[in-house]
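Scroll down for the structure; my scribbles are underneath it.
All of the numbers you see were taken from the coordinates with simple rules; none came from a lab. Computed from a predicted model, the values in this text were never measured in an experiment. Quick reminder, even Gly has a Cβ in these numbers, built from the backbone with ideal geometry, and neighbours come from all protein chains shown.
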């Protein structure tokens, strides 16, 4: 049913384009619409435009929950722990690290999208010791459950 709802506006738009094309261009289509079209036709065309103007934005708005974080990888972030992890990442890590799923564009730390496979344990350890332990990142920025939530979030979305 969702597919039909999604495709209907495009089919209607295609019909309108075909009408314009077979009429001989926009000027002739307008002339045919205003002079030769019967009453039903003159009512149907504006209704198609109104439907397109309402249906397409409505479908997009109703489905935007699937786009939490802006990427397909984050569509399953309905888990509260992942939501908290995302918030903690934005609060504590986003100023340094780049992570597309969190719309973070850090300038000093590495891009977490380009580091390869990041498992939760590796991330929690990096938070605990301060990255690679070379004093480029403060150690212990987050502790306990907060570090695990950020680790779980990053391991789910980094590089996807």
(message) Of the candidates 88, 112, 34, which one comes out as most mobile in a Gaussian network treatment of the chain with C-alpha springs shorter than 10 Å?
(response) 34
(message) Which of rounded, prolate or oblate describes the chain when judged by the alpha-carbon gyration tensor and an a/c cut-off of 1.5?
(response) prolate
(request) Just grab the label-to-label distance for residue 91 and residue 15, each label 7 Å out from Cα along the Cβ direction, in nm (one decimal). (result) 5.3 nm
(request) Report the extension gain between residue 39 and residue 7 in nm, rounded to one decimal, defined as 0.36 nm multiplied by the number of residues separating them, less their alpha carbon distance. (result) 8.8 nm
(message) Output the 0 to 90 degree angle, nearest 10, between the alpha-carbon long axis of helix 144-157 and the longest principal axis computed from the alpha carbons of the chain.
(response) 40 degrees
(message) Suppose only helical runs count, i.e. DSSP H with n ≥ 4. What mean residue ellipticity at 222 nm does that imply for the chain under -39500 (n - 2.57) per run, divided by all residues and rounded to the nearest 500 deg cm²/dmol?
(response) -18000 deg cm²/dmol
(message) If you fit an axis through the alpha-carbon atoms of helix 39-62 and take the longest principal axis of the Cα set of the chain, what angle between them do you get, 0 to 90°, nearest 10?
(response) 0 degrees
(message) So the label point goes 7 Å from the Cα of residue 59 along Cα→C-beta, right? Which residues of region 1-32 then have their backbone N under 18 Å from it?
(response) 1-18
(request) Calculate the all-directions average of the projected area of region 84-160's alpha-carbon convex hull, and give it in nm². (result) 4.2 nm²
(request) Give, to the nearest whole percent, the P(r) tail of region 2-62 beyond 16 angstrom, counting all Cα pairs. (result) 49 percent
(message) Among 108, 35, 132, which one shows the highest mean-square fluctuation when the chain is modelled as a Gaussian network with alpha-carbon springs under 10 Å?
(response) 35
